[in-house]
């Protein structure tokens, strides 16, 4: 049985009201200003871990390019999300090149970039009305996304967890330097 109400959220005995957004405002969890950001990532599935570097490039047209590479530089996955939410696959290793995996990653990153456009998103608020986590979906594809170490209003560590799939993607912002002048990525 599931019970829901319009009352304020309660966390640790303290009530936090749901924030009321003004017209045209939206919840922003990831800085979508055109830029190139690098993260260290760990992809875990059923007790097995894969580590590497996650690169997210946001373009002027609000396209997002997501590249996952191994620590040795081998590209594991390279795809783009358009402003409309469609996925364009540039490259994938065989193990990740499956429709269900790509759809799951597309939904997860779309939820991160546009949480207000995702159906059924519920937020967990911490002190100061900062968003600590969100949940969405039910069943096997249920997603729990946690946000830690806020810097400049955005999390420097994000954990995307699918508990029933025993799958999680943890990425933490790094200070790798980029060479955007050479046109790569």
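Any read-out appearing in this document is the output of simple, stated calculations on the displayed coordinates, not a laboratory observation. Source: prediction; values computed, not measured. Note that each Cβ is placed from the backbone with ideal geometry, even for glycine, and that neighbours are counted across all protein chains shown.
Here are a few things to note about the model shown:
- Each residue, residue 138 and residue 80, gets one label point 7 Å from its Cα in the Cβ direction; the gap between the two is 3.7 nm.
- Listed peptides 109-116, 43-50 by packing density, highest first (mean Cβ within 10 Å): 109-116, 43-50
- Using the average count of surrounding beta-carbon atoms within 10 Å as a protection proxy, the listed peptides 90-96, 139-145, 119-125 rank, highest first, as 139-145, 119-125, 90-96.
- Virtual spin-label span in nm between residue 62 and residue 103, 7 Å along Cα→Cβ: 2.5 nm
- Extension gain for residue 165-residue 35 works out to 43.6 nm (0.36 nm per residue, less the C-alpha to C-alpha distance).
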